[in-house]
Amino acid sequence: MTAVKNTLELVALGPVIPVIVIQRLADAVPLAQALVDGGVRVLEVTMRTPVALAAIEAIARAVPGAVVGAGTIRSAADARAAKDAGSAFAVSPGYTEAVGAACRAASLPLLPGVATASEVMAAQAGGIHFLKFFPATAAGGIPMLKALAGPFPDVVFCPTGGITADTAAQFLALPNVKVCGGSWLTPQDAQRLSAHVTVQNKVTAQAARSLLEQLTEGFEPYDVRARGLALWRYLGGPWEPLGLSVFQD
Ligand code: 3PG
């Protein structure tokens, strides 16, 4: 288990936080390991399935390179359960003082969701200045983030919700955005194939490398290999897009 003291430490680990829904506990460790092997270390496992806590526990125990947190934290009880399972951080769709207080009491760094100026102010009053902008696309996307930069120059955002491999770069280009969240890296159908998605070993086609480099341009110190999963999504799903063998056995 890798611990963090503050969610801002997550920013230094890479520009993407995959939002992961684990349906089968057996998928948790292979999927997390594939992401870590590809350079994506910060993982949000959502508390939306019966196996979520067990999945967090398994990843925290078996994937030392992962910084695994719990997503969809909606109550103080969720926060405590997430901490007990070994979560390094918590992500919530919104901010409440109850969740904020529970996370503080548990020493669990919280990345809470906000969508309006009032919600930013409430989270800041709770001492939190790194905020998830959620649901990013539906709540105004890039124009809204630009508008929030004026009154809140001290706030850093992690936009999440509706972001894709195509649009992530546009969000990441904003000065007040340091990382993007989203489920596009770990779509549900890909999880069945997680054993075949060990990106580091399998992205070998030169043309695929070129595409990965384009996708990651300007994202230093992000590891180019980390975009392997995104590439699969970016290219529309087929395992041999454009006639390339992107993931080789
Ligand atoms: C979520 O909590 O589901 C996230 O916001 C992910 O949204 P996305 O599926 O649009 O990336």
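The values are calculated or read from the model by the stated rules, or taken from the named source; none is laboratory data. Given the structure is predicted, the values throughout are model-derived calculations rather than measurements. FYI the Cβ positions are ideal-geometry reconstructions off the backbone, even for glycines, and counts take in every protein chain you see.
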| request: Scan segment 181-192 and report the pairs whose first residue is near the ligand (Cβ under 10 Å from one of its atoms) and part of a helix (DSSP H, G or I) and whose second residue is of a type in the set (Val, Ile, Thr) and at pLDDT below 70, with Cβ atoms within less than 7 Å and a gap of 6+ or a chain change. | output: none
| task | Could you list, in sequence order, all residues of segment 69-91 that are within 15 Å of the chain's Cα centre (by Cα) and more than 16 Å from the ligand (Cβ to nearest atom)? | result | Ala88
| message | Give me the residue from segment 24-50 that is surrounded by fewer than 24 Cβ atoms within 10 Å (Cβ to Cβ) and within 14 Å of the ligand (Cβ to nearest atom) and, out of that set, nearest to Gly181 (Cα to Cα). | response | Thr46
| Single residue of Ala169, Ala123 found to be out of contact with any Phe, Trp or Tyr (no Cβ under 7 Å at 6 or more places or on another chain) and not β-branched (Val, Ile, Thr) | Ala169
| Restricting the search to segment 76-94, which residues are within 23 Å of Met121 (Cα to Cα) and surrounded by fewer than 23 Cβ atoms within 10 Å (Cβ to Cβ)? | Ala76, Pro93, Gly94
| For segment 126-163, which residues satisfy the criterion of being within 15 Å of the ligand (Cβ to nearest atom), under 24 Å from Ala70 (Cβ atoms) and assigned to a loop (DSSP other than H, G, I, E, B)? | Phe134, Pro135, Ala136, Thr137, Ala138, Ala139, Gly161, Gly162, Ile163
| Name the pairs whose Cβ atoms lie under 9 Å apart, with the first residue in segment 156-180 and in contact (Cβ under 8 Å) with a residue 40 or more places away in the chain and of a type in the set (Lys, Arg), the second in a loop (DSSP other than H, G, I, E, B) and within 15 Å of the ligand (Cβ to nearest atom), and 6 or more positions between them or separate chains? | Lys178/Pro15
| task | Identify all residues within segment 59-96 that are touching a helix residue (DSSP H, G or I) at 6+ places or on another chain (Cβ under 8 Å) and over 27 Å from Asp27 (Cβ atoms); write none if there are none. | result | Ala76, Gly94, Tyr95
